[in-house]
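Structure record follows, encoded as structure tokens.
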Amino acid sequence: MLVAALVGPAAGLIVLAVVYLLYGQERLDLGYIAAGIFALLAVPQFMHWFRHYRSISRQLDALEIRVKNGERIYGSQVGFHSYR
């Protein structure tokens, strides 16, 4: 999940550095636009993985409660799904 949050801004910084190296400071505004786009694309990725792992964590908590209540649960009965 942390990777999803950091890849977008890191890619944006790389694009910014490449634009600066290739075109100099005159075209740096294009680099800022590209870096911003990469950073904005990271937000939905982060939210997806955050919701995914939160959903699985909640399912594990529910399973733990069932086991603590004495219910016998077999491995074939356990399945996890992402958020829906």
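Readers should treat all values here as calculations from the given coordinates under stated rules, not as data from a laboratory. In this text, all values refer to a predicted model and were calculated from it rather than measured experimentally. Because the Cβ atoms are built from the backbone with ideal geometry, glycine has one as well, and the counts that use them run over all protein chains shown.
Just the residues that are among the β-branched types (V, I, T) and touching a residue at least 12 places away in the same chain (Cβ under 8 Å), please, taken from segment 19-60. I'd like the intermediate steps shown before the answer.
Taking segment 19-60 and keeping what is among the β-branched types (V, I, T), we get 19, 33, 37, 43, 56.
Across segment 19-60, the qualifying residues are V19, I37, V43, I56.
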Can you tell me how many residues within segment 1-52 are surrounded by 13 or more Cβ atoms within 10 Å (Cβ to Cβ) and of a type in the set (S, T, N, Q)?
1
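Between I73, I14, I37, I56, which is out of contact with any Asp or Glu (no Cβ under 9 Å at 6 or more places or on another chain), part of a loop (DSSP other than H, G, I, E, B) and β-branched (V, I, T)?
Numbers: I14 fails: part of a loop (DSSP other than H, G, I, E, B); I37 fails: part of a loop (DSSP other than H, G, I, E, B); I56 fails: part of a loop (DSSP other than H, G, I, E, B).
Among I73, I14, I37, I56, only I73 is out of contact with any Asp or Glu (no Cβ under 9 Å at 6 or more places or on another chain), part of a loop (DSSP other than H, G, I, E, B) and β-branched (V, I, T).
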